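Down below is the structure, laid out as structure tokens.
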Amino acid sequence: MSTDSSTSRRNTTNSTLQRGLSLLEAISTAPHGMSATELERHLEIPKPTLHRLLKQLEEQEFVIRDLEGRHLLPGGRLHRIAMGVLSNERLKAPRRILLKRLADEIGETCNLTLLDGHEIMYYERVETNWPVRIQLSPGSHLPIHCTASGKLFLALIPPHQRRSLIQHLTLDAHTPYTATTVDDLESRLETIVDQELSTDDEEFIQGMVAVAVPVYDQAGRIQASLAVHAPCLRHTTESLKEWAPLMRRIASELQDTLWA
């Protein structure tokens, strides 16, 4: 086997790997997925090569297609990789330090949540030692339409994505204060868009209030939500909103720990 032949195969393998990784990066960072045409134009990969790589990535469940079959989205395996990276204990330490600083300052439980399909997922959480508190462990999934973090995601994601999500939601009433119609929910979301601040005024659990601020990625898209919640015995939404400036500063620092 000649050296030139070995080098040629190695370069081809490296090129294929690089193109596959470029495809995964483009698809996973696009806010609404990307079509094959957009990927071809964006990455300048020859059309036959592009379709061959996409077919392989779909077969291996790294990417999936949307309901219309036009746009490619992150698949289950890619999602598991992302969650594995975020859950790495050594990488979580800086985030826990920031959350603990916020929880100690406010004196209430603080959490970091991610959007997971049609729900939000508690990703990181620092509890306080109050005898009256709401205990929800990391990994818990909560409804998107009646929690401070959930409504924040709905308000700040691209409009077409919000419309699609809302169309598939079941607006169950968890308390008498839950928005159970699309018009009511949309009205609440408009206020959140203006303020970049979301509240839960006993909408999910009666007797509990919460506020949430966005954690943006480097492109200015919401990627996580930083929230604090407390029993009505100790706080109102208005009193929690007084901590919004500190929460925004912590959210800015969290951005660096998540996507530096």
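Each reported figure results from applying straightforward, stated rules to the coordinates on display, with no laboratory input. These figures come from a predicted structure and were not determined experimentally. Glycine gets a Cβ as well: all are built from the backbone with ideal geometry, and neighbour counts include every protein chain shown.
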Amide H partners (placed H, <5 Å) of VAL215, local residues excluded: GLN223, ALA224, SER225, LEU226
Ellipticity estimate at 222 nm from DSSP helix runs (n ≥ 4, -39,500 (n - 2.57)) divided over the chain, nearest 500: -16000 deg cm²/dmol
Length gained when the stretch ASP256-SER164 is fully extended (0.36 nm per residue, less Cα-Cα span): 30.1 nm
Two-site label geometry, TYR177 and GLU242: point separation in nm, points 7 Å out along Cα→Cβ: 1.8 nm
Per-peptide average of other Cβ atoms within 10 Å, ordering 93-104, 175-186 highest first: 93-104, 175-186
Residues with amide H under 5 Å from that of ARG65, placed H, sequence gap 5 or more: LEU73
Shape call, segment 153-204: gyration tensor on alpha carbons, a/c limit 1.5: oblate
Distant-in-sequence amide H partners of ASP116 (H built 1.01 Å from N, under 5 Å): MET121
Extent along principal axes [Cα atoms of the chain; Å; largest to smallest]: 77, 40, 27
Protection proxy ranking of 164-171, 144-151 - average other beta-carbon atoms within 10 Å, highest first: 144-151, 164-171
